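J.: Let me give you the structure first, and then I'll get to my questions.
The values are calculated or read from the model by the stated rules, or taken from the named source; none is laboratory data. Predicted, not measured: the structure shown is a model, and the values here were computed from it. Glycine gets a Cβ as well: all are built from the backbone with ideal geometry, and neighbour counts include every protein chain shown. Side chains included, ligands, DNA and RNA excluded: accessible areas come from the protein's heavy atoms. Shrake-Rupley method; radii C 1.70, N 1.55, O 1.52, S 1.80 Å.
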Amino acid sequence: MRFRTMLCAVGPQSPERDLAAALRLCEANRAHLSVLVLGIEPPPPLGEYAMVAETWVLEREEAAKTLAKEAAAVSEILAESDVSTDLDCRLAEQAAVASEVGRHALYADLVFVGPELARSSEPFKAATLKGALFEAQRPVLMAPQAGDATLQPKRVLVAWSSHAEAARAVREGIEILAAAEMVHVTMVDPVASEWGDGPEPGADIATYLTRHGARVTVDRLPSGGNPPADVLRQHATDVEADMIMMGAYGHSRLREWIFGGVTRSMIEAPQLSLFLGR
């Protein structure tokens, strides 16, 4: 498997469950785990008074002490494991968290989002995904809420959209797909045409995957007026998939975040391992 180094970013919340999940994943895949512990730095003062600046300095020192304690706790957890690991910690303003994740993700094959962070609605989750997918352009594996995350699924649902994001996700995860017992290329409301999805929607990507040794079936599903994310989740249950693989943020990220979209819906507390590429 090509995922030899995995990055797990942990923030202000208790990271024990996410770290345990990351260690199990790395152990199962004989991979190295890089852990980035991030502390949120208080924003610099805007006032002109010395008292304001002094208060900020004290707040920053307190944040640095808290980060050091969290990093020490993480180090103890890592020391108890036989998995190869390294640890770094950074104090950053909220606006810089994505850049820190992205900078560290440049030296990883995969960014892992543990079950606690995956179900979170905090800005740290959005920043982690932004750093991985946009800043470093690395794939992301989000852990399910129950059970362990896997890079060795038996059945994979590929949410196919004939867009570059979906194609990148498939290329990043091609070894996963080639090793699976069955790959369900799934399209919701596809449109047969000379452009876009092609005259036979799903046929081109199925052929591509077959050349890599994957066992593929193409499932074209009507939405029936239901949200595409709901259709995909239900179909994943119907075919007993262990993983959903999809391209992230096919529309503008801002538009999806404000108005909602398939990506935003799918990343909310996933029930299966969710592999994202962009």
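J.: Express the relative contact order of the chain as a whole percentage, based on alpha carbon pairs under 8 Å and six or more residues apart in sequence.
T.: Relative contact order, the chain: 20 percent.
J.: For A20 and A95, what does the FRET efficiency come to when R0 = 30 Å and r is the distance between their Cβ atoms, rounded to the nearest 0.05?
T.: 0.50
J.: Under the rule of at least 5 residues apart or a separate chain, name every residue whose amide H is placed under 5 Å from the amide H of L221.
T.: Here the answer is M187, V188, D189, since their amide H atoms fall under 5 Å of that of L221.
J.: In addition: Tell me, what % of the accessible area of region 1-117 is carbon and sulfur with a 1.4 angstrom probe? Display every interim value, and only then the final one.
T.: On the way: 3350 of 6190 Å².
Roughly 54 percent of what the probe reaches on region 1-117 is carbon or sulfur.
J.: Leaving ligands and nucleic acids out of the surface, order W56, W160, W195 by accessible area at 1.4 Å, largest first.
T.: W195, W56, W160
J.: For Cα extents along the principal axes in Å, the choices are (i) 68, 45, 28; (ii) 56, 38, 36; (iii) 63, 54, 27; which was calculated from the structure?
T.: (i)
J.: Additional query: Simple spin-label model, 7 Å along Cα-to-Cβ: S265 to D82 in nm?
T.: 4.4
J.: With angles folded into 0 to 90 degrees, how steeply does helix 228-238 sit against the dominant principal axis of the chain? Use alpha carbons for both and round to 10.
T.: For 228-238 against the chain, the angle is about 70 degrees.
J.: Sort 109-121, 230-242, 72-84 by packing, meaning the average of other beta carbons within 10 Å per residue, with the highest value first.
T.: 109-121, 230-242, 72-84
J.: Give me the accessible area of K69, 1.4 Å probe, in Å² rounded to the nearest 10.
T.: Here the accessible area works out near 150 Å².
J.: Between R4 and T66, how many nm apart are label points set 7 Å from Cα along the C-beta direction?
T.: Result: 3.8 nm between the two label points.
J.: How are the C-alpha pair distances of region 43-181 spread across 10 Å bins, as whole percents from the shortest bin up?
T.: P(r) for region 43-181, in whole percents per bin: 10, 28, 35, 16, 8, 3, 0.
J.: Right, here's the next one. If you roll a 1.4 angstrom probe over the protein chains with everything in place, what fraction of the accessible area of region 139-248 belongs to carbon and sulfur, to the nearest %? It would help to have the intermediate numbers written out before the result.
T.: Details: 2520 of 5070 Å².
Whole-percent figure for carbon plus sulfur exposure: 50.
J.: Give me a comma-separated list of calculated 3J(HN,Hα) values for region 115-121, in order, Karplus coefficients 6.51, -1.76, 1.60 applied at θ = phi - 60°, integers in Hz, x for any Gly or Pro.
T.: Taking θ as phi minus 60°, the curve returns x, 5, 5, 4, 8, 7, 10 Hz for region 115-121.
J.: Right, here's the next one. With a cut-off of 8 Å between alpha carbons and a minimum separation of six or more residues, what is the relative contact order of region 190-241 in percent?
T.: After rounding, I find 21 percent.
J.: I've got another one for you. Rolling a 1.4 Å sphere over the protein heavy atoms, what is the accessible area per residue of the chain, to the nearest Å²?
T.: I get 50 Å² per residue for this part.
J.: Tell me the volume per residue, in Å³, of the convex hull enclosing the alpha carbons of region 120-278.
T.: Working: hull volume 17.6 nm³, N = 159.
Dividing the Cα hull volume of region 120-278 by its residues yields 111 Å³.
J.: So if we plug the beta-carbon distance of W195 and R220 into 1/(1 + (r/R0)^6) with R0 = 22 Å, what FRET efficiency do we get, rounded to 0.05?
T.: 0.80
J.: Amide H of L110: which non-local residues (sequence gap of 5 or more, or other chain) have their own amide H closer than 5 Å, using H built in the peptide plane?
T.: Distant-sequence amide H within range of L110: T5, L7.
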